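Notes for the one structure printed next.
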Amino acid sequence: MAKAAAKKAKPNVSTEELLHHYREMLLIRRFEEKAGQLYGMGLIGGFCHLYIGQEAVVVGLEATAKDGDKRVTSYRDHGHMLACGMDPKGVMAELTGREGGYSRGKGGSMHMFSKEKDFYGGHGIVAAQVPIGAGLAFADKYRGNDNVTFTYFGDGAANQGQVYETYNMAELWDLPVVFVIENNQYAMGTSVKRSTKSPSLWERGAAYGIEGEEVDGMDVLAVKAAGEKAVAHCRAGKGPYILEVKTYRYRGHSMSDPAKYRTREEVQEMRSTRDPIEGVRQILLTGDHASEDDLKSIDKEIKEIVNEAAEFAKESPEPAESELWTDIYADEVPQEEVA
Ligand SMILES: Cc1ncc(C[n+]2csc(CCOP(=O)(O)OP(=O)(O)O)c2C)c(N)n1
Ligand SMILES: [Mg+2]
């Protein structure tokens, strides 16, 4: 009896939707684990920032997006690319600096783009993507459509001056931009408690007249629900909205992180009690949406996709030397849009 009541209290979400979230988050997790392995093998050079632990943020928000919506983020970008439908093979090949990558092997982890999927990077300069996101939203407003731009940035980036210049203009011009603060509690080795007096980052929007809220970023359904509200606000022409999504990264800031600024116990506690994938897995199992076997076959399917991506990346050749001189300037200027 008590069990039946508990079942009724479960969120009213379809099996299909839950499986979608599970699959998408697992794809990011397994992809990132593989990227970590390839980095360890020396196949990925330069910087590489993994998204493990934060999967529910982008998966929950992408579930609210429609065609023509745009996204832009920082260097911790692989999850965003996968969640908006970019091909894992092209992303992995870019990480390994190969010709089959999204930037033909010339961009690497932090510099990938897809016009087709409206993914505008991948930015290595902290907070640089924030005004770019407002610019993308400005273009949509100018064209008169109801698309929105998801502009993701970290808790560290939230202390950058250009964020506040952007807030002011975005609110002044009612730009359809969802500012997503991915508060994973650390900026490199600096805890948000050491860098920021006010515990609430989203509330700073009030100084500019921007509405917002805090969201549990380890719960994909909570992220989606808040995202729906934010997106509806923007599509209705009411201007920007801020979501401060409380999340956590399990791995170091990048692959070269001494990890001396937090305890193993802190990370372990998050992993074992708040993991976003495990959370959906439990809803799927306890709500009779799926069996252990169903989930096992999804795990297998995802593993295959990721292995194929890694094989593709390894087999793809390095770019030719002549490529050094290509993709520097735009070949075409879109005249009709300029006029
Ligand atoms: C303008 C600028 N300052 C400093 C850096 C060095 N840097 C790279 S990442 C980072 C921390 C940013 O943390 P946060 O915004 O919380 O994002 P997270 O890495 O947690 O996703 C810093 C200081 C940089 N890339 N750009
Ligand atoms: Mg951070």
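Charge dipole (Cα centre; +1 on Lys/Arg Cβ, -1 on Asp/Glu Cβ; no other charges) of the range 212-339 amounts to roughly 880 debye. Just report the Cα centroid separation between the range 97-121 and the range 19-85, whole Å. The two parts, judged by their Cα centres, are 14 Å apart. Dipole orientation for the chain: of the candidates A309, G154, A170, G154 has the Cα lying most toward the positive pole (charges on Cβ; Lys, Arg +1; Asp, Glu -1). Were the residues from N307 through K106 laid out at 0.36 nm apart, the gain over their Cα-Cα distance would be 70.1 nm. Of the chymotrypsin sites (Phe, Trp or Tyr not before Pro) found in the range 230-283, those in coil by DSSP whose Cβ has at most 15 other Cβ atoms within 10 Å are Y261. In summary, the lysines within cross-link reach of K106, defined as a Cα separation below 26 angstrom excluding same-chain residues under 8 places away, comprise K34, K70, K89, K115, K117, K314.
Between H80, H289, H49, the GNM of the chain built on Cα springs shorter than 10 angstrom shows H289 fluctuating the most. For the chain, the dipole from Cβ point charges (+1 on Lys and Arg, -1 on Asp and Glu) about the Cα centre works out to 1160 debye, to the nearest 20. Using just its DSSP H runs of length 4 or more, each adding -39500 (n - 2.57), the chain gives a mean residue ellipticity at 222 nm of -14000 deg cm²/dmol after division by all residues. Over the range 12-311, Cα pairs under 8 Å with separation of 6+ residues give a relative contact order of 22 percent.
Projecting the Cα atoms of S297, A330, V280 onto the charge dipole of the chain (Cβ charges, centred on the Cα centre) puts V280 farthest toward the positive pole. Under a model in which nothing but the beta-carbon of Lys, Arg (+1) and Asp, Glu (-1) is charged, the range 137-262 shows a dipole of about 440 debye around its Cα centre. How much net charge surrounds L136 when only the other residues with a Cβ under 13 Å from the Cβ of L136 are counted, with Lys and Arg +1 and Asp and Glu -1? Cβ neighbours under 13 Å give a net charge of +2.
Once you sort the root eigenvalues of the Cα gyration tensor of the range 12-311 as a ≥ b ≥ c, which label holds: rounded (a/c under 1.5), prolate (a/b larger than b/c) or oblate (the other case)? Because its axes are fairly even, with a/c under 1.5, the range 12-311 counts as rounded.
All of the numbers you see were taken from the coordinates with simple rules; none came from a lab. Computed from a prediction, not measured in an experiment: that's the story for all the values here. Cβ sites come from the backbone with ideal geometry, for glycine too, and all protein chains shown count toward neighbours.
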